[in-house]
Amino acid sequence: MKLHTLKPAEGSVKNNKRLGRGQGSGGSTAGRGHKGAQSRSGYSKKFGFEGGQMPLQRRIPKFGFKNNNKIYFKAINLDALEELAQKTKAPAITIQVMVDNGIVGKKDSVKILGRGELKSKVSVEAHAFSTTATKAIENVGGTATTVK
């Protein structure tokens, strides 16, 4: 056996039907059936088209409103800050410390809320604070710093 004598097995290779090349290619319709949009050249189905039936995106009513200017905050309560302060033993809790410990995401805006109790004297950095949270942090001797 030599390389120049190699051939595929008998009957394993089949030529594709060359559609649209005259009568020998399977008749006048070129494998597209008779008439209709799909038989025409340049046909492309619209996204969501359901054969003339009212499409799903038009059957379902529109509702709701999304305000593009609203800032969505990730809420962190004082009890979560207390746990973090005990765990890290850091004098300051910055947003980076919260990200490193998996409390907030890298792109989240953080707001500190007043649920729970804070016993550790820490300086807290966040994008926003509730008034009760600010009072609770300052009563313990810490500072609440707002970051942009």
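The values are calculated or read from the model by the stated rules, or taken from the named source; none is laboratory data. No experiment lies behind these values; they were computed from the predicted model shown. FYI the Cβ positions are ideal-geometry reconstructions off the backbone, even for glycines, and counts take in every protein chain you see.
Structure notes:
- Helices (runs of 4 or more DSSP H) completely within the stretch 78-148 that count 2 or more residues being β-branched (V, I, T) and more than 31 Å from the chain's Cα centre (by Cα): 131-140
- Just one of the listed residues (A30, A37, A90) is under 24 Å from K148 (Cβ atoms) and among the small types (G, A, S), namely A90.
- Filtered residues of the stretch 99-122 (kept if of a type in the set (S, T, Y) and in contact with a helix residue (DSSP H, G or I) (Cβ under 7 Å, 6 or more places away or on another chain)): S120
- Set T94, T134, T146, T88: member being over 30 Å from Q38 (Cβ atoms), exposed (fewer than 14 other Cβ atoms within 10 Å of the Cβ) and either of a type outside the set (F, W, Y) or at pLDDT 95 or above (or both): T146
- Test: residue in the stretch 21-31 that is in contact (Cβ under 8 Å) with a residue 12 or more places away in the chain and in a loop (DSSP other than H, G, I, E, B): yes
- In the stretch 64-122, residue farthest from T132 (Cα to Cα) [restricted to those that are free of Cβ contacts under 8 Å to residues at least 24 places away in the same chain and acidic (D, E)]: D100
- Condition broken by K66, with the remaining ones in (1) surrounded by 10 or more Cβ atoms within 10 Å (Cβ to Cβ); (2) out of contact with any helix residue (DSSP H, G or I) (no Cβ under 8 Å at 6 or more places or on another chain) satisfied: (1)
- Output for the stretch 107-131, where each listed residue is within 13 Å of D79 (Cα to Cα) and either in contact with a Lys or Arg (Cβ under 9 Å, 6 or more places away or on another chain) or not aliphatic (A, V, I, L, M) (or both): G114, R115, G116, E117, K119, S120
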